[in-house]
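The values are calculated or read from the model by the stated rules, or taken from the named source; none is laboratory data. Keep in mind the model is a prediction, meaning the values are calculated, not measured. Ideal geometry is used to build each Cβ from the backbone, glycine not excepted, and the neighbour counts take in all protein chains shown. These accessible areas exclude ligands, DNA and RNA; they are computed on the full protein's heavy atoms, side chains included. Shrake-Rupley method; radii C 1.70, N 1.55, O 1.52, S 1.80 Å.
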Amino acid sequence: MTARERISQIAQHWFLYEEALFTTFCSHRLMENSTMQCHMRVGKGAFEFNPTRCASCTDDELQERMKVEMIRILLKHPYERQPEGCGRLACAQGSNCVVSDNYYFRTFTIDDASDFELPRDGHYEFYARQIQKKRDTDSLPTDYSFDDIECRTESEHGFDYGSNAEMAPSEGAEDEEERHDHRTPFGTTADMAENWQHDELMKEQINDMINHVQNWGSIPGSAVEQIIASTKARIDYRKVLARFRASVLSQARRLTRMRPNRRSGFDQMGSRYHFTTRLIVGVDVSASVSSEQLQHFYTTINRFFRYGIKEIDVVQFDHALGEVKSISKASPKVEVTGRGGTSFQPFVDLVARSPQYDGAIIYTDGGAPFPDIPPTMRTPLCWVITNEEDHEIFRRHAPSTTKTCVIDLPG
């Protein structure tokens, strides 16, 4: 029986007992690819398999490998916007860590968080970024091509392989390779993410499919929780800030002869309303915020002038407040002072005693205790956090009603 026939037979079994897996399998085209170095991979709407590699798998292993790829699709790792600054290898290994956190492997192994000395139960972006940081620190290239890695040895990466281990394993090492080739930086793992790219349409189709699943079958409960949670749309900070600006608009009524009164026409003066917004923005300039992040903070502050805001008050802070400065146009250069510890309380207290502001925004990495909000404070407050990892930690300590969004650096 060919690999294609065996895969189709497993899918037919899923039709009877595994609704989620079968529905996911049917959402992708089944394609052979004899040139790729991994057993299977997904992306660009296709489920690819290497018939030569799959031929050596037992039925149980083949089904388990298929199941892992289905879970990867449901988590939308191949279709999310890939974490900024991360190569394909880091993305693939980050995805593997998430899957291994929630799935027990019986027939083979893949990357685990402990392999990179990372805590378990992290999310995809966290794992990918941390793995990429470790690779950058170790002076490893961002991405591996198969040709680049054939000559890497045990002394370079700490794995029990000789040169060109993937293509020509040493005599008697077949069993060792089968157990470990998916935990290495060799071609199989990097090759797995070759077709991963952001695809908003596919994401929506997968979300719709998830929302209609009635029976999750043998997919572990922890994985199901992550799959369902992944259907919640990520908040776009641009939309949040635009809506926040709109929600704090104030009106100024002016009488004018150029507009007729609704009741008496031009006999009485009509009204014209001018919309204005007074915003104060707190910028965290503590040592934990990088210069690149600060630059990105001010880039988004400048974007507010496109929304029609004429003037913004900006104050830098670390453990203490700096001077409140009013800016009326986009500034290409900003002087930063501070770079000490972090405390949000001085800024929050300033906003509480300044009722003239219609709204307040804090740009920060969230690395400080959540402040006490004075009961007299009526000004809406929006927190803009530097990245997904910091946002997740911040949300654990912030009240559930806190308005937040993420402002990841652009790739």
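A few remarks follow.
- Charge tally around A320: other residues with Cβ under 14 Å, Lys/Arg +1 each, Asp/Glu -1 each, net -3.
- Full-stretch length increase - I373, R396 - with 0.36 nm per residue and alpha-carbon distance subtracted: 6.6 nm
- Distance between the pseudo-spin-label points of S8 and R339 (7 Å out from Cα toward the beta carbon): 6.6 nm.
- When only alpha carbons of region 56-123 are considered, Rg and Dmax amount to 12.5, 38 Å.
- Built amide H within the under 5 Å cut-off of Q197, gap 5+: K44
- Phi-based couplings in Hz for region 371-388 (Karplus 6.51, -1.76, 1.60; Gly and Pro marked x): x, 7, 8, x, x, 7, 6, 10, 6, x, 10, 10, 9, 10, 9, 5, 7, 4
- Accessible area ranking (1.4 Å probe, heavy atoms, ligands and nucleic acids excluded), largest first, for F305, F297: F305, F297.
- The stretch between D208 and A320, if pulled fully straight at 0.36 nm per residue, gains 35.5 nm over its current Cα-Cα span.
- For the residue pairs K76/K134; K134/K403; K134/K203; K67/K203; K310/K403, the alpha carbons lie more than 26 Å apart in K134/K403; K134/K203.
- Here the spin labels are modelled as points 7 Å beyond Cα on the Cα-Cβ line, and at L201 and S56 they lie 3.8 nm apart.
- Loop-located trypsin sites (Lys or Arg not before Pro) across region 365-407 with a Cβ neighbour count of 16 or fewer within 10 Å are R378, with loop assigned by DSSP.
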